[in-house]
1. Which one of these does A:Met61 not meet: (1) without any contact (Cβ under 8 Å) to a residue 40 or more places away in the chain; (2) open to solvent by 20 Å² or more (accessible area, probe 1.4 Å)?
2. Within segment B:1-41, can you find the residues that are away from chain A (no Cβ under 14 Å), over 18 Å from B:Gly94 (Cα atoms) and buried (at least 18 other Cβ atoms within 10 Å of the Cβ)?
3. Would you check which residues across segment A:42-51 are surrounded by fewer than 17 Cβ atoms within 10 Å (Cβ to Cβ) and aliphatic (A, V, I, L, M) and list them?
4. What are the pairs with Cβ atoms under 9 angstrom where one residue, in segment B:70-95, is within 14 Å of chain A (Cβ to nearest Cβ) and the other, located anywhere, is charged (D, E, K, R)? Sequence gap at least six, or different chains.
Protein chains: 2
Amino acid sequence: MASYDLEHPAMTDVELTDVLFALSDPARLAIVREVSEGPLSMAECGATNPALPKSTKSHLMKVLREAGIVRNEPEGRGRKLSLRRDELDERFPGLLDSILR
Amino acid sequence: MASYDLEHPAMTDVELTDVLFALSDPARLAIVREVSEGPLSMAECGATNPALPKSTKSHLMKVLREAGIVRNEPEGRGRKLSLRRDELDERFPGLLDSILR
């Protein structure tokens, strides 16, 4: 599975309401806060919440990826998560700043 | 019904994720954009979307009120809607600016 390329929406197709919805869940917002510090491996991400079942974590990641918030890319034998910060800042100026402060 | 006092949460009890959820629906966001121009009567609000059933509109208003975003108060024989702008700006600096721009 680790080498699968997942689809990422073009930022121009991302709607504000999709971003807000993706960020409106405490577990998803916690992941976004984590990756806002810098890219993380899938294994590291959510490590602050070890009780999170793997399937739940996969679903949270999917919602965040489909909303244009994170990139989820293969890296070595695992996957790397990163925040699409610059693109989001350009499309929705000030939004991440206000949410992550 | 018009004179009923509805409950409004204290802003200190409002969570960021509740606000984001309330704003993540296009119809609710449209209402917030409308009241961001100034208070509106319930009758005026949503007038740009006359196809909106009254029960749907009531539900949208309830979600926005319970998330601390709007005040819904009796005024004369009707009700007045207003954005809790100053309180929201104090609790979540920059958030409304980035969303309403």
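The values are calculated or read from the model by the stated rules, or taken from the named source; none is laboratory data. Since the structure is predicted, the reported quantities are computational estimates derived from the model, not experimental observations. So basically every Cβ, Gly included, is an ideal-geometry build from the backbone, and we count neighbours across all protein chains shown. Each accessible area value is taken on the protein alone, full model and side chains, heavy atoms only, with ligands, DNA and RNA left out. Shrake-Rupley method; radii C 1.70, N 1.55, O 1.52, S 1.80 Å.
1. Only one criterion is unmet by A:Met61, namely (2).
2. Of everything in segment B:1-41, those that are away from chain A (no Cβ under 14 Å), over 18 Å from B:Gly94 (Cα atoms) and buried (at least 18 other Cβ atoms within 10 Å of the Cβ) turn out to be B:Glu34, B:Leu40.
3. The answer is A:Ala43, A:Ala47, A:Ala51.
4. B:Asp89/B:Asp97; B:Phe92/A:Arg101; B:Pro93/A:Arg101; B:Gly94/A:Asp97; B:Gly94/A:Arg101; B:Leu95/B:Asp89
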